[in-house]
Each structure stands twice: as C-alpha cells, then as structure tokens.
Amino acid sequence: MSIGVVSGMIAALNARFHPAVPAWGSIGAADLAPLAHMSSSLLGEGEAEFGGEILPAAKALALAGLEPLDIREKDGHALVVANSLSVGTACLCLADVAQVMEWSLAALALNYEGFRSQLSALDDSAHAARPAFGQREIAARLRMALAGSTLWQDSSARRLQDPLCYRCAPQVLGALQHSYAQADEATAIELTHSGDNPIILIEEGRAVSHGNFDMTAFALSWEQLGQALAHCSAATVNRCMKLMSPVKSGLPRFLAARGQNHMGYAQLQKTLSALEAEIRHLANPMSLNPMPASDWVEDQSSMAPRVVAKTSEIVTRMRYLVAIELICASTAVELRGVTEELGLATKRIYHEIRAIVPPLEDDRALNIDMEVVVNLMRTNARPLVT
C-alpha cells in the first residue's frame, strides 16, 4: 500500500471521518464487500459518518477538510483483499474482554467475602498438583485480593466445601484467561501478516495464488473465547443466586435488609436469567457449515466477522452480570457485618461500589444501579491494582 493512502486513512481517522459500512456481507474469506464500502467512502463515493450524521461521502470529506484518496498501483487490492473488519473489531473486543475479566475477578473476591467462602479452594499446593491453564495464576491473584481478610482465620468459612461456582472459580476463570490468550495470539498473527491473494513475491518475481485469507484458526479461537465467557457468566449467575438464597448463604432472602415485606434484589434474578440465556445462545458455534458463495467457488469460509461480533455481544451482556454480582456482594458483606473485616483490595472495591450505589434500604428500581456500576467498569480497567 502506498504511503499516501496510509497517510490519508490516518488523516481521516484523526478528522473523525468514518465510512458507513454495512454490517453484513462478509463470510470470513477476506472481508471484501465491507472493505470495498470503506474504501469507496475514502474515494468520495457511498456514505460516511461525520459530525454525528450519515452523509454522502464526498460531502463528509469536504466538511472534514479532506481530499479523496489518490490510489496507486495495488492500493485498491490492498484495501479490499484483507480481513480488516474481523481483525479491527477483534482488537476492540479484546480490550473489552480484558476489562470484564479483571472486574469478574474483583466481583468474585468480594463475593467470597459475602458468602464467607472456604478459601482452601485457592490453596497453591492444590493448584500445583494439576496446573491446568491459568488456574494457578488466578488463584494467586485471588489470594492477593483477599490479603488481610478475616476469611483466612480458622473457622471463618461457613462450610468445608462450597458450591462449585465458588470452589471451581479459579479453574473456570483460568480457562477464560487461556482462551483470551489464544484469541489474542490469533488476532496478532492476522494483524501483523498479509493475507493478500495473490501475494506478490517481489524478490522472487512471482505472483502466487493461495488461501492465506482463510480465517478458520482465528474463528475457532474466538468461538472458544465466547464459550469460555459463557462458562464464567453461568458461574456469576449461580453465585448471585446463592447469595440471595437463605438456604445457601444464611442471609435474608433476596438480600432484603428489612425482611420479607421487601423485595430486595428479587427482580434482578430475572435479569440474571435472561442475560445468561442470551449469552448461552450467542456462545453456540457460528463458523460451522457456511453456505457456499460465488457459484460454489467459495464453499469454505469461517464467518469470522460474525464470530467476533457475537463475542462482543456476549461481553456487553456479561458486564451487566458482573455489575449485579458486585452489587449483591456489597450488600452481602453489609448484612454479614464484615465490612471492617475485608481484605485490602476487597474493601477498596466495596467502597468503590458504595460510593455510587447506596445500600438497598427500601425497594427501588435497580436499573440505574446497574448502569452506574457498568460505567465504573468501563472507566477503570484494573480494579484490583492500586
């Protein structure tokens, strides 16, 4: 790609000129149609967003103070024959996944405090006996988050063995961490290497037709990431439900501080269930059995753009699940009377939540509570780091 085209694309981004690209049209065998729309906008054809409006691309370029791209030899090919839609959205989604993983860890640690969990589930020697992907590191981070908590004292835990959503949390989050690393690696390969077809081998003086635009390995890594997020989402829901159950937690039903004449967090159980069901549906594979295109020439494809898109939709829903766990866990430590017995990190998280969400003394709509916690999660990517 010529330097002028690269510079022109950077200038368009800096000017907040955004090509209008249809959401559908790629099957993950190079994002030809979406990238053609993107490139056309930069040439002054089609439509683009500027200043919050969808405008004819030529008008948007003029308002942004930009000139249409001056494309040279091979520029058109380089702009269109790529997987930039899949890879670009994947990069954005990876940042969101990393953020929600950190907050999941923080919510889990605070939930351990509220549930009065058995911390033998975090024992390093036990994890070393079967160091499956990520679990030992997750357990170590949880031990650090709970440092200073009275949960480490003898007889602080309420039972010998907690439900699996607590006991196996390091293993489940470890699997998510491993899946994230695999998706990150697959994305980095696509980001730093060419899928041009044909590839121009200048030193050899050849143009070679090939299939390096195939995204199967990339799509499979993202399918796995979505399924790992779904497992963690189910565990989050189960922990919230356990906190609200007097039988399981020993706390008032639905965490209602003023007794059974109040709803407490009962209404959130439906939200939890609805979000988890959608996440479970989105975690189903999309990359299998694509319909053939181009008169059966393109009879194998990965559906990579939609695989990434549905993973992003999972993350959006999972944020709300984690927000609910943070809210419920904060109430649980209050009802348990252990707010002064928390670990250093969990106490900080508790106070962060209480600074924006007041205790639930009387029944109220809880949607605002969820939204402010989700906004906190978006603005602080490292909640356990001081």
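See the values below:
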item	result
Within the chain, helix-based [θ] at 222 nm, where runs of 4 or more DSSP H residues each add -39,500 (n - 2.57), nearest 500	-18500 deg cm²/dmol
Two-site FRET efficiency, A147 against V372, from Cβ-Cβ distance with R₀ of 25 Å, rounded to 0.05	0.35
Likely footprinting exposure, L173, L94, L110, L13, fewest C-beta neighbours within 10 Å first	L13, L94, L173, L110
Packing-based exposure ordering (other Cβ within 10 Å, fewest first) of D196, D295, D369	D295, D196, D369
Dipole magnitude of region 246-386, debye to nearest 20 (Cβ charges: Lys/Arg +1, Asp/Glu -1, about Cα centre)	360
Alpha-carbon centroid distance for the pair region 125-167 / region 19-54, whole angstrom	49
Between 0 and 90°, nearest 10: helix 32-42 axis offset from the chain longest Cα axis	70
Nearest-20 debye value, region 96-172 charge dipole, Cβ charges on Lys, Arg, Asp, Glu	220
Three-way shape label, region 179-289, alpha-carbon gyration tensor, a/c 1.5	prolate
Zero-based 10 Å bins, Cα pair distances in the chain, whole percents	5, 20, 25, 20, 15, 10, 4, 0, 0
Shape category assigned to region 3-80 from the gyration tensor of Cα positions, a/c cut at 1.5	oblate
Unsatisfied cross-links (Cα-Cα over 30 Å) in the set K59/K310; K310/K347; K270/K347	K59/K310; K310/K347
Tilt relative to the chain, helix 169-192 - C-alpha long axis, 0 to 90 degrees, to 10	10
0 to 90° range, to nearest 10: angle between helix 304-336 axis and the chain longest Cα axis	20
Spacing of the two label points (7 Å from each Cα toward its C-beta) at A181 and A274, in nm	3.8
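Any read-out appearing in this document is the output of simple, stated calculations on the displayed coordinates, not a laboratory observation. Keep in mind that this is a model prediction, so the values were computed, not measured. Cβ sites come from the backbone with ideal geometry, for glycine too, and all protein chains shown count toward neighbours.
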